[in-house]
Amino acid sequence: MTDFTIDKAKELRQRLASRMVTDDDYGLMMELIDSYVLLKTAFKEKNGTITRLLRMIFGAPTEKAQNVLPDKPRKPEIPRDKPKGHGRNGASVYAGKKIVVPHSILKKGDACPGCEKGKLYPFLPGVTIRVTGNAPLDACVWEQEKFRCNLCGEIFTAKLPDEAGSEKYDPSAGAMIPILKYGSGLPFNRLEELQEGLGVPLPSSTQWDIVEKTADRIHPVYHELIRQAAQGDIIHNDDTTMKILSLVNDKERRKGIFTTGMLSFAGTRKIALFVTGHTHAGENITGLLRERHPDRAPPIQMCDALSRNTPKEFETILANCMAHARRNFVDITESFPEECRYVIEILGVVYKNNAEAKDMAPSERLIHHRLESGPFMEKLHEWITGQFEKKTVEPNSGLGKAFSYMLKHWEPLTLFLKVEGAPLDNNICEQALKRAILHRKNSLFYKTLHGAYIGDIFMSIIHTCRLSKVNPFDYLIALQKHSSEVFRNPQKWLPWNYKDGAPASL
């Protein structure tokens, strides 16, 4: 086909129009048809690649079936009560100071001024909330009055109140800065600019000194979280890329730099860990499992199917992420609409069953999935296998690769049908990794490996607090105030139990 020029194409078209086709033209048209099919297939492949590229750059707006499948009808909206957390906030959720306002005239036991017969008793208080603005870090200036003797020259200075403290920066500053930096993604230079504009200057270098000092006081808690996370029944892990300036030109070690996110579940307790450096997810979970008690059974490990996510030295019960398998079909829906519809709708049934089993005990959830999801997954497996046996799909096409991915990883993808508590996907770990991604997006990089280690400490503690429904601000203040006790017994100063061991005045 290399010598098929535009002029020859015009001549062939004229012969076709005049019904004067030669024997050579039939062979030429067969080659044209084959070329068209090849180009069409290549376009489908490229279309899927472009879809993945756009998602990497701009993010996926949604992967819901009703938005992914072009002609799937939207579900009718059924009137129902608002879910919890979607109404107005009650007074009890505000953690600010509470001021009791006594009645200016009446008290308990007084005669009723209305009917003049009954007596008054305490009733539910009325609540008024006023939200005020302030700088993230505020400052108080104490001016100490001084007197100097006109004869001997001795100076007498007023004593500072106890709330003035002995250090310039209060423990609350050591809690707020890392929460803004590593919990909310606010870079030091932006906070510096904000504070300067609000009249409370706080240079970025000073912020780093405060953060580093705070990390020195609380780091035993991070290592205790690692030890306890290693004992978890279910461990999620995943990677995202990171940049550390001091390691960019390090030619003696691996070029890639990663932040690994790991979530450990032991019953209702949840622990989030972040580890940044040259090691990837599989090596980091290996380091975590070295802290595991040898008499404990292997944990369930949930991750995507990349080989670098699994440990080489320790045994785990491997579960792979169903959302990753589903995403392979979402990316090629436009090219293979009917086949992708079939897979996505079956997986939709599985996710529906998983939502119904959310509040069930692990044993009940397993039975529910076996009865409700098992037949659908078996049907899907038979259908995919049949596509290859009937040779209705090209193995190297986007659809063939999506099918092959599911068949190759079928056992870990369907672990939720075999093992109690096995999760369906790794979404919760990907959500946790957004902490690191937010830092990378706003701060761009860590300067040194030491800086990355401090970032890992605070991200791990802050996100574990959020998973445990604990206020990270109050928790970090408590750790700084009781640093000596934290070093002696870090296991008593974890987010879920630190109030038990803290003094009543905390």
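Any chance you could count how many residues in region 130-159 are exposed (fewer than 10 other Cβ atoms within 10 Å of the Cβ), under 57 Å from the mean Cα position of the chain (by Cα) and either of a type in the set (Asp, Glu) or closer than 30 Å to residue 194 by Cα (or both)?
Residues meeting the conditions: 11.
The conditions are (1) farther than 20 Å from residue 242 by Cα; (2) in contact with a strand residue (DSSP E or B) (Cβ under 9 Å, 6 or more places away or on another chain), and residue 287 fails exactly one of them. Which is it?
(1)
For region 164-283, which fully contained helices (runs of 4 or more DSSP H) count at least 3 residues that are without any contact (Cβ under 8 Å) to a residue 40 or more places away in the chain? Can you show your working first?
Numbers: elements: 171-178, 188-197, 204-229.
Qualifying helices (runs of 4 or more DSSP H): 188-197, 204-229.
Pick from 343, 330: which is open to solvent by 10 Å² or more (accessible area, probe 1.4 Å) and β-branched (Val, Ile, Thr)? Before the answer, list the steps.
Numbers: 343 fails: open to solvent by 10 Å² or more (accessible area, probe 1.4 Å).
Result: 330 is the single residue among 343, 330 that is open to solvent by 10 Å² or more (accessible area, probe 1.4 Å) and β-branched (Val, Ile, Thr).
Scan region 259-266 and give yes if some residue there is touching a helix residue (DSSP H, G or I) at 6+ places or on another chain (Cβ under 8 Å), β-branched (Val, Ile, Thr), open to solvent by 30 Å² or more (accessible area, probe 1.4 Å) and within 30 Å of residue 449 (Cα to Cα), otherwise no.
Restricting attention to region 259-266, the residues satisfying the condition of being touching a helix residue (DSSP H, G or I) at 6+ places or on another chain (Cβ under 8 Å) are 259-264, 266.
Retained after the next criterion (residues that are β-branched (Val, Ile, Thr)): 259-260.
Now restrict to residues that are open to solvent by 30 Å² or more (accessible area, probe 1.4 Å): none.
Among the residues of region 259-266, not one is touching a helix residue (DSSP H, G or I) at 6+ places or on another chain (Cβ under 8 Å), β-branched (Val, Ile, Thr), open to solvent by 30 Å² or more (accessible area, probe 1.4 Å) and within 30 Å of residue 449 (Cα to Cα), which makes the answer no.
Of all residues in region 305-326, which are among the small types (Gly, Ala, Ser) and either assigned to a loop (DSSP other than H, G, I, E, B) or in contact with a Lys or Arg (Cβ under 6 Å, 6 or more places away or on another chain) (or both)? It would help to see each step written out before you state the result.
Of the residues in region 305-326, the ones among the small types (Gly, Ala, Ser) are 305, 307, 319, 323, 325.
Once the filter is applied, which keeps residues that are among the small types (Gly, Ala, Ser) and either assigned to a loop (DSSP other than H, G, I, E, B) or in contact with a Lys or Arg (Cβ under 6 Å, 6 or more places away or on another chain) (or both), region 305-326 yields only 305.
I need the full set of residues from region 432-453 which are within 19 Å of the chain's Cα centre (by Cα), over 20 Å from residue 263 (Cβ atoms) and not charged (D, E, K, R), in order please. Let's see the steps before the verdict.
So in region 432-453, the residues within 19 Å of the chain's Cα centre (by Cα) come out as 432-445, 452-453.
Next, from what is left, pick out any that are over 20 Å from residue 263 (Cβ atoms): 441-445.
Across region 432-453, the qualifying residues are 442, 443, 444, 445.
Taking region 412-470 on its own, how many of its residues are surrounded by fewer than 16 Cβ atoms within 10 Å (Cβ to Cβ), farther than 23 Å from residue 303 by Cα and without any contact (Cβ under 8 Å) to a residue 60 or more places away in the chain?
Adding up the residues that qualify gives 2.
Could you list, ordered by first residue, the pairs with Cβ atoms under 6 Å in which the first is in region 327-348 and farther than 14 Å from residue 403 by Cβ and assigned to a helix (DSSP H, G or I) and the second is at pLDDT below 90 and open to solvent by less than 30 Å² (accessible area, probe 1.4 Å), at least 6 apart or interchain?
Going by the 6 Å Cβ cut-off, the qualifying pairs are 330/68; 341/69; 348/65.
For residue 280, state whether it is modelled with pLDDT under 95 and under 16 Å from residue 429 (Cα atoms).
Working: modelled with pLDDT under 95: yes; under 16 Å from residue 429 (Cα atoms): yes.
The answer is yes for residue 280.
Which pairs do you get when a residue that is farther than 20 Å from residue 471 by Cβ, found in region 87-116, comes within reach of a residue that is open to solvent by 100 Å² or more (accessible area, probe 1.4 Å) and assigned to a loop (DSSP other than H, G, I, E, B), reach meaning Cβ atoms under 7 angstrom, with the pair 6+ apart or on two chains?
These pairs meet every condition: 108/121.
Within region 426-436, is even one residue β-branched (Val, Ile, Thr) and part of a helix (DSSP H, G or I)?
Yes, there is a match, as at least one residue in region 426-436 is β-branched (Val, Ile, Thr) and part of a helix (DSSP H, G or I).
Condition first: among the polar types (S, T, N, Q), open to solvent by 70 Å² or more (accessible area, probe 1.4 Å) and either farther than 16 Å from residue 404 by Cα or under 28 Å from the mean Cα position of the chain (by Cα) (or both). Now tell me which residues in region 349-392 satisfy that.
Of the residues in region 349-392, the ones among the polar types (S, T, N, Q) are 353-354, 363, 373, 385, 387, 392.
Now restrict to residues that are open to solvent by 70 Å² or more (accessible area, probe 1.4 Å): 392.
Within region 349-392, none qualify.
Could you give every pair whose Cβ atoms fall below 7 Å, whose first residue belongs to region 16-33 and is closer than 18 Å to residue 5 by Cα, and whose second residue is of a type in the set (Asp, Glu) and open to solvent by 70 Å² or more (accessible area, probe 1.4 Å), counting only separations of at least 6 or pairs across chains?
Within 7 Å, no pair qualifies.
Quick check: is even one residue across region 168-184 under 29 Å from the mean Cα position of the chain (by Cα) and of a type in the set (S, T, N, Q)? Even if it seems obvious, please write down each step before you answer.
The initial filter retains those residues of region 168-184 that are under 29 Å from the mean Cα position of the chain (by Cα), namely 171-184.
When the remaining residues are screened for being of a type in the set (S, T, N, Q), the result is 172, 184.
Yes, because at least one residue in region 168-184 is under 29 Å from the mean Cα position of the chain (by Cα) and of a type in the set (S, T, N, Q).
Does region 206-215 contain any residue that is basic (Lys, Arg), modelled with pLDDT of 95 or more, within 25 Å of residue 490 (Cα to Cα) and open to solvent by less than 50 Å² (accessible area, probe 1.4 Å)? Full working, then the answer.
Kept after step one, since they are basic (Lys, Arg), are these residues of region 206-215: 213.
The next check asks that each one be modelled with pLDDT of 95 or more; those that pass are 213.
Okay, now just the ones that are also within 25 Å of residue 490 (Cα to Cα), so 213.
Those left that are additionally open to solvent by less than 50 Å² (accessible area, probe 1.4 Å): none.
Checked against the condition, which is being basic (Lys, Arg), modelled with pLDDT of 95 or more, within 25 Å of residue 490 (Cα to Cα) and open to solvent by less than 50 Å² (accessible area, probe 1.4 Å), region 206-215 yields no hits at all.
Being hydrophobic (A, V, I, L, M, F, W, C) and over 24 Å from residue 425 (Cα atoms) narrows it down to one of 225, 247, 263, 273, so name that one.
247
Read through the list (1) part of a strand (DSSP E or B); (2) out of contact with any Pro (no Cβ under 6 Å at 6 or more places or on another chain), then give the number of the only condition that residue 302 fails.
Failing condition for residue 302: (2).
When you look at residue 163, is it more than 30 Å from residue 442 (Cα to Cα), at pLDDT below 90, within 52 Å of the chain's Cα centre (by Cα) and open to solvent by 100 Å² or more (accessible area, probe 1.4 Å), yes or no?
Against the criterion (more than 30 Å from residue 442 (Cα to Cα), at pLDDT below 90, within 52 Å of the chain's Cα centre (by Cα) and open to solvent by 100 Å² or more (accessible area, probe 1.4 Å)), residue 163 qualifies.
The values are calculated or read from the model by the stated rules, or taken from the named source; none is laboratory data. No experiment lies behind these values; they were computed from the predicted model shown. Cβ coordinates were reconstructed from backbone atoms using ideal geometry, including for glycine residues, and neighbour counts include every protein chain displayed. With ligands, DNA and RNA removed, areas are computed over all heavy atoms of the protein, side chains included. Shrake-Rupley method; radii C 1.70, N 1.55, O 1.52, S 1.80 Å.
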